[in-house]
Each structure stands twice: as C-alpha cells, then as structure tokens.
Amino acid sequence: MQHVLESQQFDRKGLEELFALADTLEGVRNTSLQGKIMASLFYEPSTRTRLSFESAMQRLGGTVISTENAKEFSSAAKGETIEDTMKMMNQYADVVVLRHFEEGACNRASQVATIPVINAGDGPGQHPTQALLDLYTIQKEVGKTDGLHITAVGDLKHGRTIRSLAYLLARYENISLTFVSPPELSMGADILEYLRARGVLVIETEDLESVLADADVVYMTRIQKERFADAGEYEKLKGKYVLTRAHADAMKQGSIIMHPLPRVDEIAPDVDMSEKAVYFKQAGYGLTVRMALLSKLVS
Ligand code: CP
C-alpha cells in the first residue's frame with residue numbers, strides 16, 4: 001500500500017493487521033519515525049483529523065510541517081495546482097496528509113507523488129481514515145463486526161465519512177444498513193448499488209424513531225451547511241434530526257451512538273452522559289489508528 005485514497009483499498013486481512021498494530025500503540029511514545037517528516041496540507045477546516053495525525057507523527061518521533069488553511073495561505077491562493085504543490089511536497093516531506101474541498105483532489109495529487117499521500121477528506125468524496133477509526137471503534141465498543149445493524153442518520157448525500165464506512169462494512173457478513181435522511185439528503189445511488197451487490201441489507205427511511213430499537217450502532221451526522229449551493233435549502237433541512245436522551249434510552253442494551261464530529265445540534269448535550277455515547281472516545285481511537293497507518297506507510 002503506497003497511498004490511502006479510498007476505503008475500498010482495505011480488505012478484511014489488511015484491516016485486521018492494521019487494528020492489531022493500533023492495539024499495540026495505545027499510549028505509546030517511541031522514536032520509530034525519528035528523522036521522518038509529515039506534511040499536513042489542509043484546504044478545508046479540521047480539528048480532529050489534522051491534530052490527531054500531527055500528534056500521531058510526533059508520538060512516533062517524527063516531525064510535522066503544516067498549512068492549516070492551504071486555500072488561503074498556500075500558493076493555491078495564487079493559482080498553483082494541486083499537482084504542482086504535490087511536486088514540492090515530494091521534496092520536503094516523507095508523507096503527505098491532504099484534505100481538499102474537491103472530490104478526487106487526493107487521487108490527482110497521488111498521480112505525481114513519490115511519497116505516500118493520505119486522503120484526509122476530499123470534498124463530498126471519501127474520508128478513508130475516518131472510516132478506519134469508525135470501524136475500529138465498532139470492534140472495540142460492540143465487540144464484533146459481522147451480523148451488525150448500523151443506522152446512519154442525517155446528511156448522507158454530502159457525508160464522506162459514512163460513504164467511506166459503507167465501503168468497509170460491505171467487507172463483513174450479514175450486515176444491515178438503515179439510512180435515515182430526508183429525500184434531499186439521501187445516500188448516493190453508487191453506494192446503495194455497491195452495498196446491495198455485496199449482499200448488504202439496505203433500508204431507507206425518513207423516520208428515525210421507528211428504527212432506533214433495532215440498531216447496534218446509531219451513526220449521527222451533521223447537516224453540512226458548507227456543501228449547500230442554496231442557503232434556503234439548508235435552512236429548511238437543518239435541525240431535521242436531533243437525537244435526544246429519550247432516543248438514547250430507547251436503544252437496546254450494548255448498542256452505541258457514534259458521530260464523526262464536529263456536532264452542531266444533532267445530538268442533544270445530555271446524551272453525552274449516556275453509556276451508549278462513544279463519539280468522543282471514537283475520536284480518541286483515531287490517534288492510535290493513525291499511528292498505525294503512519295507506521296505502515298512511512299519507512
Ligand atoms: N471527523 C472529522 O473529520 O473531523 P475534523 O473535520 O475536525 O477533522
């Protein structure tokens with residue numbers, strides 16, 4: 001594996017190896033990547049992905065160069081292409097973590113890369129490292145991956161995290177996926193087709209309450225204001241789904257509530273106290289999964 005561009009790259013064996021490595025890295029600080037440099041190049045805002053990758057690299061003894069608002073503060077503002085920027089990164093760093101506002105930008109960068117490129121989110125396309133930490137969270141917190149019923153809620157049209165997770169879940173046996181969204185924000189036909197072709201049971205509904213009791217995982221997502229061309233359309237749809245403490249209590253024992261974060265208003269604050277709420281822990285698992293990825297990619 002040279003680059004991490006999309007979730008479909010990972011098969012069960014690769015996932016098991018990666019997660020076994022992540023298990024050994026919890027709380028670790030070592031010098032295994034001493035002398036190595038990670039460039040984090042973010043053309044869109046981020047808290048978790050950028051800082052957890054940077055923390056992961058430093059915990060492994062490596063160093064970081066970064067531009068957190070590359071759209072404004074890199075030479076992209078002067079018209080430089082992603083390909084030309086990548087040709088610079090080839091000379092300055094040993095690995096690039098790239099978040100971009102255009103779907104496919106990371107693939108384009110990888111075409112001219114001589115160092116590994118990690119897709120840290122490309123517009124509404126994919127966010128494969130989020131999917132890896134999501135799956136790791138499910139294994140840790142539910143204790144299995146085969147035979148699961150996952151309910152994804154919210155902006156499934158623009159949500160790159162759930163798109164990437166869907167590809168990974170299709171690797172497992174006896175998976176059911178319920179997609180809860182208004183018709184305007186429904187999951188893309190490409191993902192629905194991919195899942196059904198692989199034997200995943202897919203249900204689409206607008207009604208959150210009717211599907212809560214059956215779920216092993218409720219995966220909430222934010223309505224992505226920044227992806228709407230029409231502000232009025234966003235105003236119409238925002239606040240459509242809010243998971244309350246009563247909803248959390250109605251979920252079955254052993255089930256969990258996940259969210260890639262950031263949260264706006266789609267999970268009420270008092271849900272945080274429920275033992276089912278694992279979304280902050282989920283973000284923490286991102287650190288060890290990203291340490292494992294960097295260990296595998298950078299040598
Ligand atoms: N989940 C996620 O990608 O968060 P950030 O946008 O803060 O990186």
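The values are calculated or read from the model by the stated rules, or taken from the named source; none is laboratory data. Since we're looking at a predicted model, the values are computed, not measured. Glycine gets a Cβ as well: all are built from the backbone with ideal geometry, and neighbour counts include every protein chain shown. In case anyone asks, the SASA skips ligands and DNA or RNA and just uses the protein heavy atoms, side chains included. Shrake-Rupley method; radii C 1.70, N 1.55, O 1.52, S 1.80 Å.
Can you name the helices (runs of 4 or more DSSP H) wholly within region 156-251 that have at least 2 residues being over 22 Å from the mean Cα position of the chain (by Cα) and surrounded by 13 or more Cβ atoms within 10 Å (Cβ to Cβ)? Steps first, please.
Working: elements: 160-169, 189-197, 231-237, 245-250.
The qualifying helices (runs of 4 or more DSSP H) are 231-237, 245-250.
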Residue set E184, E173; condition touching an Asp or Glu at 6+ places or on another chain (Cβ under 6 Å) and not hydrophobic (A, V, I, L, M, F, W, C); output residue E173
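Restricting the search to region 121-132, which residues are part of a strand (DSSP E or B) and more than 8 Å from the chain's Cα centre (by Cα)? Lay out the reasoning, then the answer.
Of all residues in region 121-132, those part of a strand (DSSP E or B) come to 121-122.
D122 - this is the single residue of region 121-132 that is part of a strand (DSSP E or B) and more than 8 Å from the chain's Cα centre (by Cα).
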Between residues in region 252-268 that are under 13 Å from A152 (Cα atoms) and residues that are open to solvent by 30 Å² or more (accessible area, probe 1.4 Å) and among the hydrophobic types (A, V, I, L, M, F, W, C), which pairs lie under 7 Å by C-beta distance while being six or more apart or on different chains?
I256/V142; E266/V242
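Being away from the ligand (no atom under 16 Å from the Cβ), closer than 10 Å to Y43 by Cβ and modelled with pLDDT under 95 narrows it down to one residue among A70, A76; which is it? It would help to see each step written out before you state the result.
Details: A70 fails: away from the ligand (no atom under 16 Å from the Cβ).
Among A70, A76, only A76 is away from the ligand (no atom under 16 Å from the Cβ), closer than 10 Å to Y43 by Cβ and modelled with pLDDT under 95.
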Checking S46 against (1) within 14 Å of the ligand (Cβ to nearest atom); (2) over 17 Å from R160 (Cβ atoms); (3) open to solvent by 10 Å² or more (accessible area, probe 1.4 Å); (4) in contact (Cβ under 8 Å) with a residue 24 or more places away in the chain: exactly one of these is not met. Which one?
(2)
Between a first residue in region 133-147 that is outside any helix (DSSP H, G or I) and a second residue that is open to solvent by 10 Å² or more (accessible area, probe 1.4 Å) and not hydrophobic (A, V, I, L, M, F, W, C), which pairs have beta carbons less than 7 Å apart while being 6 or more apart in sequence or on different chains?
T145/Q139; T145/Y172; D146/Y172; D146/E173; D146/N174; G147/E173; G147/N174
For a quick check of your reading of the model, give me the residue pairs whose first member lies in region 14-30 and is of a type in the set (F, W, Y), whose second is open to solvent by 50 Å² or more (accessible area, probe 1.4 Å), with beta-carbon atoms closer than 8 Å and at least 6 apart or on different chains.
F19/Q139
Within region 233-259, track down each residue that is touching a strand residue (DSSP E or B) at 6+ places or on another chain (Cβ under 6 Å), of a type outside the set (S, T, Y) and more than 11 Å from E275 (Cα to Cα).
L243, M258, H259
